[in-house]
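The values are calculated or read from the model by the stated rules, or taken from the named source; none is laboratory data. Values in this document were obtained by computation on a predicted structure and should not be read as measured data. Methodologically, a virtual Cβ is constructed for each residue, glycine included, from the backbone with ideal geometry; neighbour enumeration extends over all protein chains shown. We work out accessible area using only protein heavy atoms, side chains counted, and drop any ligands, DNA or RNA first. Shrake-Rupley method; radii C 1.70, N 1.55, O 1.52, S 1.80 Å.
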Amino acid sequence: MQFNDVIRSETELRAIMGEAVHSAVVEKTLSQLDRHCVDFIERSPFVLISSADAAGRMDISPKGDAPGFVKIIDGETLIIPDRPGNQRFDTHRNILQNPQIGLIFLIPGKRETLRVSGTAQIVRDPAVLENLAAQGKIPALAFAVRVDEAFMHCAKCMIRSNLWVPEAWPSLDGLASFAQAMKDAAAIPLPVNAVAELIEADEKQRLY
């Protein structure tokens, strides 16, 4: 698709959208985690990790576990356990090529989010991994994140989306199941119910 009116500079952007409505919007950015960030992370059961490879190809990976599963070493260091997944290792491969990552932490029912950016390493120090054990299982790897910036993000996106308002959620009627989507995308030569059984078995056996 060809577009004829494309913004190509911050000057053009600001001419249309204006400056930050309040200096606090800019000044709220922290160079390390404060007590509010720490409290938020300790209560969060879900984080989104954005990463990119050396060519700039992006990936966003969701991670979730019991609240506080992301451990805080100090004001500049976070440790995220690497639980079993689909073994694509998109985030891992990206970090090996480009350590810059971004994180968004969510707390169910909380309208604001916490944004963190920094650099990551894939680590396997025994003492670190043992501290990340869950359900009696110690992860094989973890992501160690050195915090560069952190700030609380306003609630407008949550208000507009009604993300935490169940009665406003869209209907799931007619939406393809995960099994159907996988079968179609990968041309899996199995009936949908067989693919669904494989997914269910994986979810039961490989959570930790």
Heavy-atom surface of the chain, accessible at 1.4 Å and reported per residue (Å²): 67
Residue order for H36, H153, H92 - accessible surface, 1.4 angstrom probe, largest first: H36, H153, H92
Quarter of the Cα convex hull surface for region 1-83, i.e. its orientation-mean projected area (nm²): 9.1
As computed over region 147-208, the Cα convex hull volume per residue (Å³): 197
Mean projected area (nm²) of the alpha-carbon convex hull when the chain is viewed from all directions: 15.9
Three-way shape label, region 80-128, alpha-carbon gyration tensor, a/c 1.5: prolate
Pairs of lysine residues in the chain - Cα separation under 21 Å, sequence separation of 8 or more or cross-chain: 11
FRET efficiency estimate (nearest 0.05) - Cβ-Cβ, F89 to C157, R0 30 angstrom: 0.55
Accessible surface of the chain, 1.4 Å probe, proportion on carbon and sulfur as whole %: 55
Cα gyration tensor category, rounded, prolate or oblate, for region 98-205 with a/c compared to 1.5: oblate
